[in-house]
1. Can you name the condition, by its number, that Gly97 falls short on among (1) within 18 Å of the chain's Cα centre (by Cα); (2) modelled with pLDDT of 90 or more; (3) not aromatic (Phe, Trp, Tyr)?
2. If I filter the range 29-38 down to residues being farther than 17 Å from Ala155 by Cα and of a type in the set (A, V, I, L, M, F, W, C), which single residue comes out as surrounded by the most Cβ atoms within 10 Å (Cβ to Cβ)?
3. Of all residues in the range 16-31, which are over 17 Å from Thr297 (Cβ atoms) and at pLDDT 95 or above?
4. I need the strands (runs of 3 or more DSSP E) fully contained in the range 48-159, keeping only those with at least 1 residues that are among the small types (Gly, Ala, Ser) and more than 30 Å from Glu31 (Cβ to Cβ).
5. I need the full set of residues from the range 75-92 which are polar (S, T, N, Q) and farther than 14 Å from Arg209 by Cβ, in order please.
6. Taking the range 133-166 as the region of interest, how many residues are farther than 22 Å from Asp68 by Cα and surrounded by 14 or more Cβ atoms within 10 Å (Cβ to Cβ)?
7. I'd like the residue in the range 68-88 that is of a type in the set (Asp, Glu) and surrounded by fewer than 21 Cβ atoms within 10 Å (Cβ to Cβ) and, out of all such residues, is nearest to His35 (Cα to Cα).
8. Among the helices (runs of 4 or more DSSP H) confined wholly to the range 203-318, which include 3 or more residues that are surrounded by 24 or more Cβ atoms within 10 Å (Cβ to Cβ) and within 17 Å of the chain's Cα centre (by Cα)?
Amino acid sequence: MSARQLRRPLALAIHGGAGVIERNSLGADAERAIHAELDRALDAGHAVLTTGGTALDAVEVAVALLEDSPYFNAGYGSVFTADGRHELDASIMDGHGRRAGAVAGLSTVRHPVRLARRVLEESPHVFLIGAGAEQYADTHSDIERVPNDWFATEARREQLRDAQHREQGAWQASQDLRGKYFGTVGAVALDSHGHVAAATSTGGMTNKRWGRVGDSPLIGAGTWADAHCAVSCTGWGEYYIRNAVAHDIAARVAYRGDRVRVATEDVILGEVPQHGGDGGAIAIDRDGNIALVLNTTGMYRGWVHPDGQRGTAIYRDA
């Protein structure tokens, strides 16, 4: 890598989902563990960038680590569907050339983000779902597989029991569970080539039915990257789909010249709640400016700025 490349800014941001996370509700041990998991993902993703790796590599590595943590709703620790199983979704997008890959309804793929990367690189398609996506995984021996119950944790099982106890019909349940039993993980990065990328992964919504899919695997809704910025979203997916949130943020940067933080705040604090939704988003532009914005009481998040300043946070007020 040339000296000129080394002088280019590097930056990374990650999230582990937004929702109702009240201060003191987690306990000190859980808070420490969550901060440690976020730091581990930051370390891994930033190491890729500092050794000349691409933004696409960095977001894949960071998200795959978050998928292995029981504290986030993606991979191991994913929420349960109504029938007591796990259905996982993910997407990844490279701002350089706008290549994208997405998968939904997975049941045995340990790291959905890695399969989404294979779709981006090796498939003529962008989005594979269900049995077809599993069959595509069968053709890649390096994609690790696990039994469906590998994703289960007792905390998620308790959430399912709670959701089903409160249920008064499928739509009423979704209203009652606002911000509580869904979430995602995601990452955005800027590399030494000046390129950005984004990735998002989720276990969906607790007690979901009928093959429900949210915004996380949908390019333009939960994930977006172009030449100007990269975005990964987290929240109530139906509202992120209806408002094409990830693309809306990026479009404000690209077409109107908004700063990335202003664009993210306008959408997450304005458009999304105006239409009844909640959640958050992380975004990064080609200069390394980072936005981490939420309209809920908490969002697991972490960042490394171009000057090396880094941190992690859980609650809205820090």
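The values are calculated or read from the model by the stated rules, or taken from the named source; none is laboratory data. Quantities reported herein were computed from a predicted structural model and do not represent experimental measurements. With ideal geometry, Cβ positions are generated from the backbone for all residues, glycine too; neighbour counts draw on all protein chains shown.
1. (1)
2. Across the range 29-38, the extreme among qualifying residues is Leu38.
3. Of everything in the range 16-31, nothing turns out to be over 17 Å from Thr297 (Cβ atoms) and at pLDDT 95 or above.
4. 99-106
5. Matches in the range 75-92: Ser78, Ser91.
6. 3
7. Once the filter is applied, the top-ranked residue is Asp68.
8. In the range 203-318, the matching helices (runs of 4 or more DSSP H) lie at 245-256.
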